[in-house]
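Read the structure below first, then the notes.
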Amino acid sequence: MKDIELVLLDWTEAAPRAMPLRERVFVVEQGVPAEMEMDEYDSLSRHALALAEHGQVLATGRLLPDGHVGRMAVDAAWRGRGIGGLVLETLVEEAWRRNMREVVLNAQVSAIDFYVRHGFVAEGETFMDAGIVHRRMRRRRSDA
């Protein structure tokens with residue numbers, strides 16, 4: 001993925017670039033209520049963006065201060081090419097740089113295999129969030 005640039009940004013820089021993609025993926029494609037898509041955690045988080053060489057946002061995700069990864073979204077035309085994995089690993093590496101011992105996330109059940117491929121382990125029962133079935137997953141630092 002030599003033509004893909006990965007950047008980590010604060011919300012003020014990320015919002016105008018990440019929100020159009022998040023709205024397309026979560027609100028339009030998945031039917032998440034628009035008022036649930038943006039929350040108070042965005043301003044506290046670090047946001048990873050995968051950018052095409054002309055600046056198009058291909059994927060995004062966020063890392064909360066407590067080590068929770070969320071709002072992972074990949075443009076429909078770019079899914080299945082490894083870009084989501086690049087964003088996820090960027091967020092995990094940021095967590096390790098911040099001396100976090102683990103990263104947790106609430107995975108949509110349809111995406112569990114993706115997260116397993118990146119070292120996450122599912123735990124607990126499934127639950128509903130925004131009308132979508134999820135399961136909690138965790139990845140611990142190898143030296144933790």
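At a glance:
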read-out: Å² per residue, accessible surface of the range 77-122 at 1.4 Å; value: 52
read-out: Hz values of 3J(HN,Hα) by residue in the range 103-118 - Karplus curve (6.51, -1.76, 1.60), Gly and Pro given as x; value: 10, 10, 7, 10, 8, 4, 3, 5, 10, 4, 4, 4, 5, 4, 4, 9
read-out: Considering only the chain, percent of DSSP beta bridges that pair antiparallel, nearest 5; value: 95
read-out: Contour minus Cα-Cα distance for E89 and Y41 (0.36 nm per residue); value: 15.3 nm
read-out: Modelled FRET efficiency - R0 30 Å, R138 with Q56, Cβ distances, 0.05 increments; value: 0.40
read-out: The chain - percent relative contact order, Cα under 8 Å, separation 6 or more; value: 19
read-out: Nearest-20 debye value, the chain charge dipole, Cβ charges on Lys, Arg, Asp, Glu; value: 500
read-out: Paired Rg and Dmax values of the chain, which use every Cα atom, in angstrom; value: 14.3, 42
read-out: Other-chain or far-sequence residues with amide H under 5 Å of G67's (modelled H); value: none
read-out: Potential lengthening between E5 and D113 on full extension [0.36 nm per residue; Cα-Cα distance subtracted]; value: 36.4 nm
read-out: Dipole axis of the range 2-99 (+1 Lys, Arg; -1 Asp, Glu on Cβ), positive-most option in G84, N99, F26; value: G84
read-out: Residue-span extension gain [R97 to V121] - 0.36 nm each, minus C-alpha spacing; value: 6.5 nm
read-out: Karplus 3J(HN,Hα) series, Hz, for the range 134-141 with 6.51 cos²θ - 1.76 cosθ + 1.60 (x for Gly, Pro); value: 10, 9, 6, 9, 9, 10, 9, 4
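The values are calculated or read from the model by the stated rules, or taken from the named source; none is laboratory data. Because the structure is a prediction, the values reported are computed rather than measured. Here the Cβ is made from the backbone with ideal geometry for all residues, glycine too, and neighbour counts use every protein chain on show. In case anyone asks, the SASA skips ligands and DNA or RNA and just uses the protein heavy atoms, side chains included. Shrake-Rupley method; radii C 1.70, N 1.55, O 1.52, S 1.80 Å.
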